[in-house]
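See structure below.
The values are calculated or read from the model by the stated rules, or taken from the named source; none is laboratory data. The structure presented is a predicted model; accordingly, all values stated were derived computationally and were not measured. Here Cβ is always computed from backbone atoms with ideal geometry, including for glycine, and neighbour counts include all displayed protein chains.
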Amino acid sequence: MKKLQAGIFLIMLFCASVKAQTYYEFTATDLEGNEVSLTSLLQKGPVLIGFWATWCSPCKEEMKEMQKIYDKYKAQGFTYIALNQDNQKSLSKVKPFIESHNYTFPVAFDTDKKIYEGYSGRDDIPYSILIDKNKNVVAVHKGYLSGDEKKIEAEIKELLGK
């Protein structure tokens with residue numbers, strides 16, 4: 001019986017991790033009230049989806065680095081889209097925050113966390129998903145430490161080189 005329980009647990013664990021590796025299509029509303037779809041972004045090239053919130057310090061650090069990477073590779077088709085996870089109480093802080101930092105990458109809202117959950121988010125932001133133009137999830141990053149941007153940039157360069 002214990003072997004059966006262990007086997008079921010391993011299968012459930014495997015299925016949970018596989019979900020994070022699957023493509024999840026979405027359309028979200030950006031800061032200007034326009035709809036942005038993942039499919040339209042992928043037509044240009046690879047997309048890094050970054051889940052973040054205004055109250056998340058590591059998210060803010062990561063976004064500074066993502067702006068540099070976005071500026072460097074956007075002409076080659078790369079897109080970084082920041083999907084905000086703030087709740088209704090702090091939602092009004094998002095646009096002023098983005099504008100005060102002069103961020104130029106697309107920013108959209110995922111207030112109901114459906115997109116986040118579609119990519120198996122588990123209350124651990126920042127959380128980033130790198131998707132190639134063929135809709136394959138090629139990398140998942142949980143959290144952010146200074147220096148992580150080097151690995152992310154290498155992954156993006158590899159996709160752009162293909």
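If you go through region 31-73 and pick out every residue that is out of contact with any Phe, Trp or Tyr (no Cβ under 8 Å at 6 or more places or on another chain) and part of a strand (DSSP E or B), you end up with 3.
Residues 116, 103: which one is buried (at least 17 other Cβ atoms within 10 Å of the Cβ), within 19 Å of residue 24 (Cβ to Cβ) and in contact (Cβ under 8 Å) with a residue 40 or more places away in the chain? Let's see the steps before the verdict.
Values: 103 fails: within 19 Å of residue 24 (Cβ to Cβ).
Step by step, each of 116, 103 is checked, and only 116 is buried (at least 17 other Cβ atoms within 10 Å of the Cβ), within 19 Å of residue 24 (Cβ to Cβ) and in contact (Cβ under 8 Å) with a residue 40 or more places away in the chain.
Among the residues in region 14-22, are any at pLDDT 50 or above and under 16 Å from the mean Cα position of the chain (by Cα)? Even if it seems obvious, please write down each step before you answer.
Narrowing region 14-22 to residues at pLDDT 50 or above: 21-22.
When the remaining residues are screened for being under 16 Å from the mean Cα position of the chain (by Cα), the result is 21-22.
Yes: one or more hits.
Consider region 146-162 and keep the residues that are free of Cβ contacts under 8 Å to residues at least 12 places away in the same chain and either closer than 17 Å to residue 65 by Cβ or aromatic (Phe, Trp, Tyr) (or both). The one that is surrounded by the fewest Cβ atoms within 10 Å (Cβ to Cβ) is 147. Taking region 43-87 as the range and being surrounded by 15 or more Cβ atoms within 10 Å (Cβ to Cβ) and among the polar types (S, T, N, Q) as the test, the residues that pass are 54, 67, 79, 84, 85.
Restricting the search to region 119-128, which residues are over 14 Å from residue 63 (Cα atoms) and either surrounded by fewer than 17 Cβ atoms within 10 Å (Cβ to Cβ) or in contact with a His (Cβ under 9 Å, 6 or more places away or on another chain) (or both)? Walk me through how you get there before you give the answer.
Going residue by residue through region 119-128, those that are over 14 Å from residue 63 (Cα atoms) are 119-124.
Scanning region 119-128 gives 122, 123, 124.
If you go through region 26-49 one residue at a time, how many are of a type outside the set (Val, Ile, Thr), more than 15 Å from residue 76 (Cα to Cα) and in contact (Cβ under 8 Å) with a residue 12 or more places away in the chain? Write out each step before concluding.
Step one: of region 26-49, the residues of a type outside the set (Val, Ile, Thr) are 26, 28, 30-35, 37-38, 40-46, 48.
Those still in the list that are more than 15 Å from residue 76 (Cα to Cα) too: 26, 28, 30-35, 37-38, 40.
Retained after the next criterion (residues that are in contact (Cβ under 8 Å) with a residue 12 or more places away in the chain): 26, 28, 30-31, 37-38.
Qualifying residue count, region 26-49: 6.
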